[in-house]
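Asks: Below is the structure I would like to discuss, written out as structure tokens.
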């Protein structure tokens with residue numbers, strides 16, 4: 001097995017810059033998830049590692065070897081695609097053993113390796129069928145079996161669960177995590193689904209416009225987002241981010257002014273504001289850190305309510321048109337659109353970002 005690193009990689013397609021000096025290190029036997037919106041460059045990163053694309057600048061390393069100009073077949077990696085990429089005219093058995101045939105593995109050894117991979121992915125009963133005779137979940141498991149059969153240095157997975165229904169996604173998600181631990185292998189997994197990222201990765205790398213915005217353990221990235229983009233991309237509903245200004249409240253404490261009210265800061269966050277009065281900021285607060293309260297500091301108007309069974313999301317508009325979402329339990333009367341709602345904000349849950357750059361302010 002081996003780690004993977006990309007160093008100051010740029011990738012252009014014609015005049016379009018897709019990756020801009022992107023650097024990333026994946027440790028040996030680590031499960032790293034590349035998370036970001038469509039078109040951000042995350043699949044291009046995977047293709048560069050696999051050798052399906054060459055970097056315009058920078059280097060790609062697998063283990064201690066620079067593979068930037070090494071052919072895909074010589075990199076000892078396996079890739080699983082979103083559309084499975086199975087050969088329709090071959091049986092499941094022939095699909096799984098195909099990479100072994102390419103490596104000229106003897107027939108007896110091939111049979112043992114195929115049986116082992118099929119058992120690991122629970123496709124042993126369908127080895128003689130063709131892909132068209134399988135369900136979507138079975139096809140994906142066959143694609144995974146084909147990837148693991150050669151025990152490569154690293155596995156690269158490009159949104160492999162996006163074509164499956166919610167129940168199958170949950171099942172195979174858990175199986176993938178279990179498989180990675182059993183094989184003790186390096187995995188790089190691309191997705192735009194934050195649930196997959198939060199539940200699967202040892203670390204997640206949030207990518208936007210070809211740059212890594214933040215990389216770290218999932219809970220750390222959620223708790224302390226490095227930029228406004230990360231704050232709003234990770235979380236469902238996403239973090240509320242509204243314009244604000246650092247001020248001092250009526251009794252001399254550090255506070256932040258937003259449209260509709262002034263919120264006093266905690267000692268930790270308030271320390272950031274000392275010496276920086278009237279600084280424009282973006283105020284971030286998770287929906288679970290906001291409550292409707294008649295004595296709340298911020299005046300808003302209810303715009304709409306999403307009813308989700310055990311909880312509901314109340315959308316509120318501030319005086320300047322910016323929005324805040326309140327996540328609350330579904331007990332009590334449902335607020336009506338147009339109703340005035342005062343919001344209480346948990347001071348300890350406030351995040352501050354620079355208004356110009358979007359970068360996090362403070363720890």
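Asks: Consider only pairs whose beta carbons are under 6 Å apart and that are at least six residues apart or on different chains; among these, list those whose first residue lies in region 16-41 and is on the phi > 0 side of the Ramachandran plot and whose second residue is part of a loop (DSSP other than H, G, I, E, B).
Replies: Listed by first residue and then by second, the contacts come to 29/1; 29/184; 41/210.
Asks: Can you name the condition, by its number, that residue 8 falls short on among (1) within 24 Å of residue 216 (Cβ to Cβ); (2) outside any strand (DSSP E or B); (3) modelled with pLDDT of 90 or more?
Replies: Looking at each condition in turn, residue 8 falls short on (2).
Asks: Can you tell me how many residues in region 180-208 are within 8 Å of the chain's Cα centre (by Cα) and either surrounded by fewer than 17 Cβ atoms within 10 Å (Cβ to Cβ) or more than 13 Å from residue 157 (Cα to Cα) (or both)?
Replies: Residues in region 180-208 being within 8 Å of the chain's Cα centre (by Cα) and either surrounded by fewer than 17 Cβ atoms within 10 Å (Cβ to Cβ) or more than 13 Å from residue 157 (Cα to Cα) (or both): 7 in total.
Asks: Separate question: Looking at residue 12, is it on the phi > 0 side of the Ramachandran plot and touching a residue at least 24 places away in the same chain (Cβ under 8 Å)?
Replies: Criteria not met by residue 12.
Asks: Output the residues belonging to region 266-286 that are crowded, with 20+ Cβ neighbours inside 10 Å, over 30 Å from the mean Cα position of the chain (by Cα) and at pLDDT 80 or above.
Replies: Within region 266-286, none qualify.
Asks: I'd like the residue in region 33-66 that is touching a strand residue (DSSP E or B) at 6+ places or on another chain (Cβ under 7 Å) and closer than 16 Å to residue 152 by Cβ and, out of all such residues, is surrounded by the fewest Cβ atoms within 10 Å (Cβ to Cβ).
Replies: 61
Asks: Residue 139: touching a residue at least 40 places away in the same chain (Cβ under 8 Å), out of contact with any strand residue (DSSP E or B) (no Cβ under 6 Å at 6 or more places or on another chain) and either over 26 Å from residue 37 (Cβ atoms) or assigned to a helix (DSSP H, G or I) (or both), yes or no?
Replies: Here the answer is yes, as residue 139 does meet what is asked.
Asks: A follow-up question, please. Scan region 224-236 residue by residue and report those that are within 16 Å of residue 346 (Cβ to Cβ) and surrounded by 16 or more Cβ atoms within 10 Å (Cβ to Cβ).
Replies: Across region 224-236, the qualifying residues are 231, 235.
Asks: I'd like to verify a number: residues in region 133-149 that are surrounded by fewer than 18 Cβ atoms within 10 Å (Cβ to Cβ) and either modelled with pLDDT under 90 or over 11 Å from residue 92 (Cβ atoms) (or both), how many?
Replies: 2
Asks: Inspect region 160-173 for any residue being modelled with pLDDT of 90 or more, surrounded by 16 or more Cβ atoms within 10 Å (Cβ to Cβ) and farther than 18 Å from residue 43 by Cβ and give the result as yes or no.
Replies: No, every residue in region 160-173 fails to be modelled with pLDDT of 90 or more, surrounded by 16 or more Cβ atoms within 10 Å (Cβ to Cβ) and farther than 18 Å from residue 43 by Cβ.
Asks: Does region 253-265 contain any residue that is surrounded by fewer than 21 Cβ atoms within 10 Å (Cβ to Cβ), in contact with a helix residue (DSSP H, G or I) (Cβ under 7 Å, 6 or more places away or on another chain) and in the same structural domain as residue 30 (by TED's automatic domain parsing)?
Replies: No, the conditions are met nowhere in region 253-265.
Asks: Would you say residue 173 is free of Cβ contacts under 8 Å to residues at least 40 places away in the same chain, in contact with a helix residue (DSSP H, G or I) (Cβ under 9 Å, 6 or more places away or on another chain), at negative phi and part of a helix (DSSP H, G or I)?
Replies: So residue 173 passes the test.
Asks: A follow-up question, please. Check 22, 34 and return the single one that is assigned to a strand (DSSP E or B) and closer than 30 Å to residue 134 by Cβ.
Replies: Step by step, each of 22, 34 is checked, and only 34 is assigned to a strand (DSSP E or B) and closer than 30 Å to residue 134 by Cβ.
Asks: More than 25 Å from residue 17 (Cα to Cα) and under 15 Å from the mean Cα position of the chain (by Cα): does that describe residue 219?
Replies: Answer is yes for this residue.
The values are calculated or read from the model by the stated rules, or taken from the named source; none is laboratory data. Note that the coordinates shown come from a computational prediction; the quantities given were computed from them, not determined experimentally. Positions of Cβ are backbone-derived with ideal geometry, glycine not excepted, and every protein chain shown enters the neighbour counts.
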